Amino acid sequence: MKFLRAMKKLKIKKQIIAAVMACVLGIGGIYSVHASVINDAKNKKNEAQQELDNLNSQIDEIQAAQSDLQEEMDAYDDQLMALLTDMDLLENDIDAKQGEIDQANADLEVAQEKEQTQYNAMKTRIQYMYENGDSNYWEAMMGATSITDLLNRVEYVSEVYDYDRKQLTAYQETVQQVADLKDQLNAQLAEMEELKISYEDQASSLQALIAEKSAAMDNFDAQLASAKSLASQYANTIKQQNQIIANEQARQAAEEAAARRAAQQQQQNAGNQSNTTGSDTNASASGSGTGLTSSGLNPAHTTNVSGSDVVAFASQYVGYPYVYGGNSLTEGADCSYFVMACFGQYGISLPRNSYSMQSCGQAVSYDCAQPGDIICYPGHVAIYMGNGRIVHASSPTNGICYGSATYRTILTIRRVL
């Protein structure tokens, strides 16, 4: 009887060992199949993430170049507007100068007519005296009634000559002055016309330059649109691979649970009490690499640094500028430097780029996220504040600011404290 009981116990032990081996082999096969799919998905995701990071860098560079180019175009526009204003004023000056020239022409005609009239009157008197000879002159002299009258007549004739000469000289001077003024005005007009041509050449050059810059801006717009389109495709690839990873992990957990249940059933059939594997199943299910598809990932803190202290320190810099590649919390920082510097303040060393931060520390489920955890997005990182809020170096437009933790697709949450 003892021998039979021993043989029976040995048979049961063999059944148990067989059940355990079947469970181990089954789970091992499950790991092997799913690991291949998950590793392939992770490789594709990492490749897409690298390409996305490169594209985001290109987008930042294109946008920076666009900003510089826009400043140049604005400066050229200002120059062109100032030049066009000067051209309008010059046109007014040219019109006014032409009016002065027209008036000078009219004044010259009047002066020349007066000169001619005076000349004709003087010539008539001289001609009359010569045509009538000296007899009339002597008759006038002899007709004097006294010496005084004679002197008066001689003086009168002399005064007539002097008057004619002075008047003619005065008119001639007036004509010359008006002619000189006309020449001066014409010279000024010619100078203005030359300046007008110069202005027109400058305006033409500025317009050509603005057209050239506009073409360059259009080219930047095309490059930016292309880069954003590719970035969207890579972001979709990352999202798809994350979903594949999550699905495979969930399927793996389900198959592991099924294999364990089968082993338990075999153990029960062998007559032994089964050990619950629910905790193992839960532990497996909570082993997600990202912490996004499984709840309950809440690793213990490994440092004495308070996450709330990190959040408080980071919040001091809200309102300061975002600068791509910037390395200053006050003068300008990008997202990865902002996170690295805030944790560095408490002796926590982190890598300089957002992609590498995705592997730092331990994965945390979103429902277990605590202040001081790092939330990783495609090409971006932020510091979790609690209550669904983040503080981060957002963009050149928003600078360092607060925001919603779920405003973008979350790749992983990491605990480094």
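The values are calculated or read from the model by the stated rules, or taken from the named source; none is laboratory data. Everything quoted here is computed from the prediction, not taken from an experiment. Note that we place each Cβ from the backbone using ideal geometry, even for glycine, and neighbour counts take in every protein chain shown. The accessibility values were calculated without ligands, DNA or RNA, using every heavy atom of the protein model including side chains. Shrake-Rupley method; radii C 1.70, N 1.55, O 1.52, S 1.80 Å.
Please count how many residues of region 186-219 are within 19 Å of the chain's Cα centre (by Cα) and open to solvent by less than 50 Å² (accessible area, probe 1.4 Å).
Total satisfying the criteria: 5.
Just one of the listed residues (ASP60, ASP77, ASP68) is exposed (fewer than 14 other Cβ atoms within 10 Å of the Cβ) and under 17 Å from PHE220 (Cβ atoms), namely ASP68. Scanning region 330-352 for residues that are touching a residue at least 24 places away in the same chain (Cβ under 8 Å) and either on the phi < 0 side of the Ramachandran plot or surrounded by 17 or more Cβ atoms within 10 Å (Cβ to Cβ) (or both) yields a count of 13.
Scanning region 235-251 for residues being open to solvent by less than 70 Å² (accessible area, probe 1.4 Å) and in contact (Cβ under 8 Å) with a residue 60 or more places away in the chain gives a total of 9. Of the numbered criteria (1) closer than 28 Å to ALA48 by Cα; (2) under 27 Å from the mean Cα position of the chain (by Cα); (3) of a type in the set (A, V, I, L, M), the one VAL416 fails is (2). Please verify whether ALA82 is modelled with pLDDT of 85 or more, loosely packed, with under 13 Cβ neighbours inside 10 Å and small (Gly, Ala, Ser), treating the condition exactly as stated. So ALA82 does not fit the description; no. Within region 394-415, the set of residues being open to solvent by less than 20 Å² (accessible area, probe 1.4 Å), touching a Phe, Trp or Tyr at 6+ places or on another chain (Cβ under 9 Å) and either in the same structural domain as ASP68 (by the TED database) or not in a loop (DSSP other than H, G, I, E, B) (or both) comprises GLY399, ILE400, ILE413. Of all residues in region 353-376, those being more than 15 Å from THR409 (Cα to Cα), open to solvent by 10 Å² or more (accessible area, probe 1.4 Å), out of contact with any helix residue (DSSP H, G or I) (no Cβ under 6 Å at 6 or more places or on another chain) and part of a loop (DSSP other than H, G, I, E, B) number 4. Within region 49-64, residues that are among the acidic types (Asp, Glu) sit with their Cβ atoms under 7 Å from residues that are open to solvent by less than 40 Å² (accessible area, probe 1.4 Å), at 6+ positions apart or across chains, in these pairs: ASP53/GLY379. Could you say whether any residue in region 377-393 is open to solvent by 30 Å² or more (accessible area, probe 1.4 Å), among the basic types (Lys, Arg) and touching a helix residue (DSSP H, G or I) at 6+ places or on another chain (Cβ under 9 Å)? Within region 377-393, none of the residues are open to solvent by 30 Å² or more (accessible area, probe 1.4 Å), among the basic types (Lys, Arg) and touching a helix residue (DSSP H, G or I) at 6+ places or on another chain (Cβ under 9 Å).
Scanning region 302-322 for residues that are of a type in the set (A, V, I, L, M) and crowded, with 18+ Cβ neighbours inside 10 Å yields VAL310, VAL311, ALA314.
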